[in-house]
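Shown next, in structure tokens, is the structure this report addresses.
The values are calculated or read from the model by the stated rules, or taken from the named source; none is laboratory data. For clarity, every value in this text was computed on a predicted model and none was experimentally measured. Quick reminder, even Gly has a Cβ in these numbers, built from the backbone with ideal geometry, and neighbours come from all protein chains shown. To get the accessible areas, we keep the full protein, side chains included, count just its heavy atoms, and leave off ligands, DNA and RNA. Shrake-Rupley method; radii C 1.70, N 1.55, O 1.52, S 1.80 Å.
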Amino acid sequence: MRPTKPRNGWKYLAVFAVLAVLTLWAGIGVDANLSAIIDNWGNATDKIVALLQPDYWFFPETVDAVAETLQMAVIATTIGAAVSLPLSFAASRVTNPHGTFRSVVRGFMNVVRAVPDLLYAAILVAVVGTGALSGVLALIVFNIGIIVKLVSEAIDAVDTGPQEAALAAGGTWVGADRTAVLPQIFPAFVSQTLYTLELNVRASAVIGLVGAGGLGMLIDNVRTFYKYHQLSLIILEILVIVLALELLSTWARKKLIG
């Protein structure tokens, strides 16, 4: 006779009840009022209609901003990935035997990830001024925080057998990591770098709202004067760029990763 598994229905019910209570508590805390959405829905009607009618004649005015956004994304991704790879090895327990140094790197990366990219952009705009440079610097820091986190976790999950064999044969830690670990995590590194490139296009549209260059500055200009037809075109352009990058990333992953 097969043993019967204990019923776990009450556990799922308890989890659901806890989540419901937490959600209700959070809603009361932020004064969420759904009736306000219903009462003011009429104010959004004309905006939605305008957003559904892009002003295609505005396209020539967006070309420079689109080009700047792509340039910012490419530069930030390239530099961020180059800096992130050695930091990822330093943050992994598999490739860095020095516990204190590893803890310092991980702690620093936690601080980097804790600060929003918009705040980085606002600080850098105050330091170096408005424009693409402050946006690129903010995106580089943003990229490092993401890539190091994801790639270091991939390194933690690798097969350590080849690395141990290299060390046993008299190799150095750097040499063992380069020959035994890097080939295993390189596909993940490429994949995360391509994903970060996609994120940079969207992020540049946000950080530009504080003067950090790219499409974000143009969005802020048209939004200030309630030009929703033009804003709709910019949103459409961002969508097209992200979809194009998604297709490019998929093709590159197949070619580079297999």
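Residue 71 - would you say it is over 27 Å from the mean Cα position of the chain (by Cα), open to solvent by 20 Å² or more (accessible area, probe 1.4 Å) and in contact (Cβ under 8 Å) with a residue 40 or more places away in the chain? When the stated conditions are applied, residue 71 does not pass them. Restricting the range 159-179 to residues that are of a type in the set (S, T, N, Q) and outside any helix (DSSP H, G or I), the residue that is farthest from residue 98 (Cα to Cα) is 160. Going through (1) of a type outside the set (A, V, I, L, M, F, W, C); (2) in contact with a helix residue (DSSP H, G or I) (Cβ under 6 Å, 6 or more places away or on another chain); (3) open to solvent by 30 Å² or more (accessible area, probe 1.4 Å) one by one, residue 213 falls short only on (3).
One residue alone among 176, 157, 180 is within 23 Å of residue 254 (Cα to Cα), more than 20 Å from the chain's Cα centre (by Cα) and open to solvent by less than 20 Å² (accessible area, probe 1.4 Å), and that residue is 180. Here is a list: 81, 44, 76, 65. Which entry is of a type outside the set (S, T, N, Q), open to solvent by less than 70 Å² (accessible area, probe 1.4 Å) and farther than 30 Å from residue 146 by Cα? After ruling out the rest, the residue left standing is 44.
Contact annotation: residue pairs with Cβ atoms under 9 Å, 6 or more positions apart or on different chains, pairing a residue in the range 13-30 that is modelled with pLDDT under 90 with a partner that is among the aliphatic types (A, V, I, L, M) and open to solvent by less than 100 Å² (accessible area, probe 1.4 Å), are 26/32. Residues of the range 205-235 that are in a helix (DSSP H, G or I) and under 21 Å from the mean Cα position of the chain (by Cα): 205, 206, 207, 208, 209, 210, 215, 216, 217, 219, 234, 235. What do you reckon, is residue 87 part of a helix (DSSP H, G or I) and either closer than 26 Å to residue 183 by Cβ or open to solvent by 80 Å² or more (accessible area, probe 1.4 Å) (or both)? Criteria met by residue 87.
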